[in-house]
Structures are given as structure tokens and as C-alpha cells.
Amino acid sequence: MNVCIIGAGPAGMTAAYQLAKTGIAVEVFEAGDSVGGMARTLDLWGQKADIGPHRFFSSDPRINKVWLEVAAPDYDMVNRLTRIFYRGRLFFYPLKPFNALANLGLFEAARCLLSYAAERLHPTPMGETPTFEEWVVSRFGRRLFGIFFKTYSEKLWGISCSELDADFAAQRIKKFSLGEAIWTALGLGKTQHKTLVDQFAYPHGGTGMVYERMAQKCIALGGKIHLKTPVRRVVVEKGRAVAVELENGQRLAYDHIISTMPMTHLVERMDGAPAEVLRALHQLTYRNTILVFLRIPAKDLFRDNWLYVHSADLQTGRITNFRNWTPHLYGKSEESIVAMEYWCYDSEALWKKTDEELIALATDEIQRSHLLPKGQAVTAGHVERIGRSYPVYARGYKKPLSVVENFLRTIGALSVIGRYGAFKYNNQDHSILMGILAAENIRKGALCHDLWDINTDYEYQESSVITSTGLQESAAP
């Protein structure tokens with residue numbers, strides 16, 4: 001077989017690596033100048049930094065075995081510290097009673113608890129298609145929703161929480177509630193919630209090291225990887241994907257095509273997509289990310305791996321301090337790299353700002369946040385723009401998505417995977433699993449796995465975790 005893979009992010013590179021190991025010929029086309037997609041690692045100012053914070057954690061043995069194959073032994077176990085920055089104060093997540101009381105004040109904390117109690121007595125009614133706001137209020141109360149969920153979520157998605165689908169909360173917060181948080185804080189919780197995992201495996205060379213190594217192994221096994229080579233469209237004939245057409249017009253035939261390109265691009269560029277499908281497609285949107293990396297000549301800034309910024313007076317939504325991951329990232333450097341993360345749509349003024357304007361904005365915000373030592377300067381900046389990085393779970397998005405999904409199911413020899421490709425808000429582990437299962441389907445020549453059923457809230461019958469010594473069985477999830 002001869003398989004084409006569009007995109008060299010976690011899903012695409014995992015599929016390529018798994019296929020190459022079985023002797024199947026693979027050819028990867030990546031529009032960017034490096035592999036890893038949103039999980040790639042940059043070389044900046046003599047240090048390494050990821051495209052935002054990338055915590056890897058999975059309890060699925062299939063995912064962990066593949067990750068360890070390429071990363072071991074060059075990884076560390078990193079203790080996670082990620083707090084919420086709100087009105088100049090840092091709140092632990094999960095909640096720690098004395099920290100929350102000290103930061104909110106006794107009066108505000110009491111209001112939050114009373115709001116939660118009121119919600120338990122008179123639950124917020126859920127609509128036919130529940131919203132993010134309804135879902136969170138039902139589990140935390142309206143007061144805590146306003147403090148710890150509303151501002152950040154609306155920065156990320158660019159729409160009101162009343163227009164955001166509850167799926168986002170269900171996948172990311174899962175069954176977590178204020179009640180569970182209080183029990184956990186008091187040491188009375190029976191299990192560790194997945195949202196609260198406090199240690200994770202991290203590669204010495206940054207998150208991108210995993211996919212760089214997959215690429216190297218793939219090439220060593222005879223695979224081909226083409227960087228700076230965007231695919232314009234997938235060619236479909238008689239209901240079957242038969243070739244790809246590159247941006248330069250070159251057409252290449254394959255036995256099977258795996259696509260991780262944005263679903264909207266994939267379908268709208270196909271010949272013969274029905275009008276109903278195109279109408280549904282136009283209801284699906286993606287959010288862009290801008291990362292501004294700042295070079296700061298200091299070692300001891302804040303202790304967190306990253307911060308969630310809930311303060312409405314700052315446009316940034318997340319701040320990552322790469323000095324708090326592993327010493328392998330900065331080596332002998334006495335400086336820190338901090339990434340300020342912003343989100344927007346193509347039409348917004350922020351997306352159209354110059355690099356110089358964005359660096360000035362990020363510099364001003366990091367200084368106004370008082371997260372830097374007094375008088376500390378920013379000496380340089382670097383900007384990365386990632387278009388269509390987040391599939392937007394607008395209220396009712398499942399209906400148009402199912403129309404597009406059902407159309408793509410009818411096309412033979414085509415597998416659609418990854419965050420962009422499947423329009424799913426994947427973490428690395430979910431995309432890696434999609435790559436593993438897509439490769440298994442192709443290798444076995446049968447639809448053993450329905451790739452559309454892979455979601456961010458799946459549970460697996462076996463369980464394991466990565467530790468400093470390798471793979472270790474754990475209690476069932």
C-alpha cells in the first residue's frame with residue numbers, strides 16, 4: 001500500500017510512524033516548516049519553548065506505549081502547578097480552602113457557597129441543547145461561574161457562554177463540581193479526578209521532541225516527509241479518495257489518504273460536495289491563536305507551569321513560564337521565556353496587528369500583571385500565529401457537524417483524524433489514539449475502529465500511567 005498523510009501534527013505523525021513500522025509506504029505533507037503541529041517546539045534565544053503549554057497525560061496503555069517508544073528515556077516527571085490569575089491574585093486549582101478564603105475574602109467566599117447551595121436547592125433548568133453557562137452554574141453556582149469560568153471562556157471562544165455548547169465543559173471539566181472540589185480540598189475525596197492530575201511526563205527536548213523522533217524513525221523506515229508542502233485538496237472519484245493535489249498543481253495518487261487538515265478546508269475544496277453539506281460546513285468555525293514569546297533576563301518569576309488569566313482587564317488568556325518545566329529546556333541560560341497567549345477570529349483587529357504591536361501589547365500586559373519583579377524589563381519578543389487552532393463548540397454545533405461527518409463517512413479510502421480534521425477539541429493523547437487506530441484500520445484492511453467515535457471523554461477497559469521508570473499499571477479509570 002501507498003498511504004498519504006496530510007499534516008504532521010500528533011495525529012498525522014503517529015499514524016505515519018505506526019504504518020511505517022509495519023512496512024507500509026507512507027508520505028507525509030506538512031504545510032509548515034517543522035513537524036508537531038500545535039505541539040511543536042521552537043528554538044528561541046538559545047532555549048526551547050513549546051507552542052503554548054502541552055501537558056501529556058494518559059491512562060490508556062496503547063497511547064502510553066507509543067509515547068514511551070519514542071520519548072524514553074529522555075523525559076522527566078514534572079510536578080504540575082497551574083493557578084488562576086484573577087484580580088492580581090493567584091488561586092490554586094483544585095481549591096485550597098485557606099488560599100481561596102484569603103484571596104476572595106470571607107464575605108465573597110460566603111456568597112459563593114450560598115450561590116452553590118441555592119443551585120442545589122433550585123437547579124438551573126437545562127435547555128434541549130444545554131449551554132456551557134447552564135452546565136457550569138449547575139455544578140458550581142452562579143457566583144463562582146462569574147468569577148472563575150465566564151471571562152476566561154469568553155476570551156478563548158469569542159462568544160458568550162450562553163452561546164457555547166455544554167460539550168466543552170463536559171469534555172474538559174467532566175463531572176467535577178464545587179462539592180467534589182471541597183471534598184478533595186479537605187482530603188476526603190475517594191479518587192483523583194483526571195482534571196486534577198498533579199504530575200505528568202515531559203520530554204527533555206520539549207513536546208515537539210516526540211514528533212521529531214517519530215519523523216526520524218519514519219524516514220529511517222523508508223517513509224517520506226515533505227515540509228513546506230501544503231496540500232490544496234483531496235481528489236475524490238466515484239466515492240473514493242484517490243489522490244491529493246498540491247498547491248503547485250501536482251497530483252499524486254495513493255491507495256489511502258489520512259487527512260488532519262481543517263475539516264472545513266477538506267470538504268469545501270472537494271468536487272461534488274452536496275449543497276446541504278456545504279451549508280452545514282459554513283456553520284462550523286475555528287478560533288485562531290496568537291502566541292507572543294517574551295525574553296526576560298531573570299530566573300525566578302512565578303512558580304507555575306502556566307496561569308489561566310481570568311482578569312477582564314487583560315486580553316491574554318494564558319501565560320506559560322517555560323523555566324518551570326524541565327531544566328533541559330533552558331540549559332545554562334540565566335533567562336526565562338514566557339509565552340502570552342491570545343485568541344481571536346480572522347476578522348478581529350488583534351489578528352491583523354503587526355508583530356511589533358503584539359510584542360508591545362504582551363510586554364505591557366505582563367508588566368501590568370505584576371508577575372515580573374519590580375523594574376524587570378522585557379528584552380525581546382517573538383510572535384507565532386496559528387490559524388484555525390480551536391474548533392468552536394457553538395451551541396448546537398453537533399447538528400451541522402453530523403451532516404458533514406455523515407458525508408465524509410461515504411468516501412472510501414479516506415480517514416479523517418486530529419483536532420482540525422475531526423473537529424474535536426483533542427489533547428495530545430486523543431490525537432495520538434486517533435493516529436494509532438487509523439493505522440490499525442489501514443493495516444488490517446477493515447474498519448476495526450470507528451474513528452468518529454473517538455472522543456475526549458472516552459474510557460478504556462485497561463489502565464496504566466507513565467512514571468519515571470516507565471509504564472505502570474494503575475487502577476481502572
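The values are calculated or read from the model by the stated rules, or taken from the named source; none is laboratory data. Values in this document were obtained by computation on a predicted structure and should not be read as measured data. In this analysis, Cβ positions are derived from the backbone assuming ideal geometry, glycine residues included, and neighbour counts consider all displayed protein chains.
For the structure I just gave you, tell me whether Thr195 is of a type outside the set (Gly, Ala, Ser), at pLDDT below 85 and in a helix (DSSP H, G or I).
Yes: the conditions hold for Thr195.
For every residue, the table says whether it meets (1) at pLDDT below 95; (2) surrounded by fewer than 22 Cβ atoms within 10 Å (Cβ to Cβ); (3) in contact with a Ser or Thr (Cβ under 8 Å, 6 or more places away or on another chain).
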residue: Leu246; (1), (2), (3): no, yes, yes
residue: Arg251; (1), (2), (3): no, yes, no
residue: Met261; (1), (2), (3): no, no, no
residue: His265; (1), (2), (3): no, yes, no
residue: Glu268; (1), (2), (3): no, yes, no
residue: Gly272; (1), (2), (3): yes, yes, no
residue: Glu276; (1), (2), (3): no, yes, no
residue: Gln283; (1), (2), (3): no, yes, no
residue: Tyr286; (1), (2), (3): no, yes, yes
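Is it true that Thr326 is closer than 23 Å to Lys150 by Cβ and either over 18 Å from the mean Cα position of the chain (by Cα) or not hydrophobic (A, V, I, L, M, F, W, C) (or both)?
On the way: closer than 23 Å to Lys150 by Cβ: no; either over 18 Å from the mean Cα position of the chain (by Cα) or not hydrophobic (A, V, I, L, M, F, W, C) (or both): yes.
Taking the combined requirement at face value, the residue does not satisfy it.
Going by the conditions given, is Ile366 aliphatic (A, V, I, L, M), over 22 Å from the mean Cα position of the chain (by Cα) and surrounded by 21 or more Cβ atoms within 10 Å (Cβ to Cβ)? Spell out how you get there, then give the answer.
On the way: aliphatic (A, V, I, L, M): yes; over 22 Å from the mean Cα position of the chain (by Cα): yes; surrounded by 21 or more Cβ atoms within 10 Å (Cβ to Cβ): yes.
Yes; evaluated as a whole, the condition is true for this residue.
Residues of segment 99-153 being of a type in the set (D, E, K, R) and either farther than 14 Å from Ala166 by Cβ or part of a helix (DSSP H, G or I) (or both), which ones? Full working, then the answer.
Initially, segment 99-153 is screened for residues of a type in the set (D, E, K, R), giving 108, 111, 119-120, 128, 133-134, 139, 142-143, 150.
Listed by number, the residues that qualify are Glu108, Arg111, Glu119, Arg120, Glu133, Glu134, Arg139, Arg142, Arg143, Lys150.
Which members of segment 297-336 meet the condition of being over 23 Å from Arg87 (Cα atoms), out of contact with any helix residue (DSSP H, G or I) (no Cβ under 7 Å at 6 or more places or on another chain), surrounded by 16 or more Cβ atoms within 10 Å (Cβ to Cβ) and among the hydrophobic types (A, V, I, L, M, F, W, C)?
If the condition is that a residue be over 23 Å from Arg87 (Cα atoms), out of contact with any helix residue (DSSP H, G or I) (no Cβ under 7 Å at 6 or more places or on another chain), surrounded by 16 or more Cβ atoms within 10 Å (Cβ to Cβ) and among the hydrophobic types (A, V, I, L, M, F, W, C), then Trp325 is the only one that fits.
Residue-wise test of (1) in contact with a helix residue (DSSP H, G or I) (Cβ under 7 Å, 6 or more places away or on another chain); (2) of a type outside the set (Gly, Ala, Ser); (3) more than 29 Å from Thr316 (Cβ to Cβ); (4) not assigned by TED's automatic domain parsing to the domain that holds Gln171.
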{"residue": "Ala109", "(1), (2), (3), (4)": "yes, no, no, no"}
{"residue": "Cys112", "(1), (2), (3), (4)": "yes, yes, no, no"}
{"residue": "Pro123", "(1), (2), (3), (4)": "yes, yes, yes, no"}
{"residue": "Phe132", "(1), (2), (3), (4)": "yes, yes, no, no"}
{"residue": "Val137", "(1), (2), (3), (4)": "yes, yes, no, no"}
{"residue": "Arg142", "(1), (2), (3), (4)": "yes, yes, no, no"}
{"residue": "Phe145", "(1), (2), (3), (4)": "yes, yes, no, no"}
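Could you list all residues from segment 304-328 that are part of a helix (DSSP H, G or I) and either touching a His at 6+ places or on another chain (Cβ under 8 Å) or in contact (Cβ under 8 Å) with a residue 24 or more places away in the chain (or both)? Walk me through how you get there before you give the answer.
Of segment 304-328, the ones part of a helix (DSSP H, G or I) are 322-324, 327-328.
Listed by number, the residues that qualify are Phe322, Arg323, Asn324, His328.
Could you check segment 154-171 and list, in sequence order, the residues that are under 25 Å from His430 (Cβ atoms), modelled with pLDDT of 90 or more and not basic (Lys, Arg)?
Initially, segment 154-171 is screened for residues under 25 Å from His430 (Cβ atoms), giving 154-159, 161, 163-171.
Cutting the leftovers down to modelled with pLDDT of 90 or more gives us 154-159, 161, 163-166.
Residues satisfying the conditions are Glu154, Leu156, Trp157, Gly158, Ile159, Cys161, Glu163, Leu164, Asp165, Ala166.
Conditions tested, residue by residue: (1) farther than 18 Å from Gln428 by Cα; (2) surrounded by fewer than 18 Cβ atoms within 10 Å (Cβ to Cβ); (3) touching a Gly at 6+ places or on another chain (Cβ under 7 Å).
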{"site": "Pro61", "(1), (2), (3)": "no, yes, no"}
{"site": "Asn79", "(1), (2), (3)": "yes, yes, no"}
{"site": "Asn99", "(1), (2), (3)": "yes, yes, no"}
{"site": "Ala110", "(1), (2), (3)": "yes, yes, no"}
{"site": "Leu114", "(1), (2), (3)": "yes, yes, no"}
{"site": "Glu119", "(1), (2), (3)": "yes, no, yes"}
{"site": "Gly141", "(1), (2), (3)": "yes, no, no"}
{"site": "Tyr152", "(1), (2), (3)": "yes, no, yes"}
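For segment 15-68, name all the residues that are part of a loop (DSSP other than H, G, I, E, B), touching a Phe, Trp or Tyr at 6+ places or on another chain (Cβ under 7 Å) and of a type in the set (A, V, I, L, M).
Within segment 15-68, Val35 is the sole residue that qualifies.
State whether one or more residues within segment 323-338 are outside the structural domain of Ser153 (by TED's automatic domain parsing) and closer than 19 Å to Glu154 by Cβ.
Taking segment 323-338 first, the residues outside the structural domain of Ser153 (by TED's automatic domain parsing) are 323-338.
Next, from what is left, pick out any that are closer than 19 Å to Glu154 by Cβ: none.
No; the residues of segment 323-338 include none that is outside the structural domain of Ser153 (by TED's automatic domain parsing) and closer than 19 Å to Glu154 by Cβ.
To keep it simple, each residue is scored yes or no on (1) at pLDDT 95 or above; (2) under 28 Å from Phe56 (Cα atoms); (3) touching a Leu at 6+ places or on another chain (Cβ under 8 Å).
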| site | (1), (2), (3) |
| --- | --- |
| Thr410 | yes, no, no |
| Ser415 | yes, yes, yes |
| Phe423 | yes, yes, yes |
| Leu433 | yes, yes, no |
| Asn441 | yes, yes, yes |
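Scan segment 205-240 residue by residue and report those that are within 20 Å of the chain's Cα centre (by Cα) and not hydrophobic (A, V, I, L, M, F, W, C).
First, the residues of segment 205-240 that are within 20 Å of the chain's Cα centre (by Cα): 205-212, 214.
Answer for segment 205-240, where residues must be within 20 Å of the chain's Cα centre (by Cα) and not hydrophobic (A, V, I, L, M, F, W, C): Gly205, Gly206, Thr207, Gly208, Tyr211, Glu212.
Pairs needed: first member in segment 148-164, farther than 23 Å from Leu104 by Cβ; second member anywhere, aromatic (Phe, Trp, Tyr) and modelled with pLDDT under 95; C-beta distance under 6 Å; at least 6 residues apart or different chains.
Going by the 6 Å Cβ cut-off, the qualifying pairs are Leu164/Phe132.
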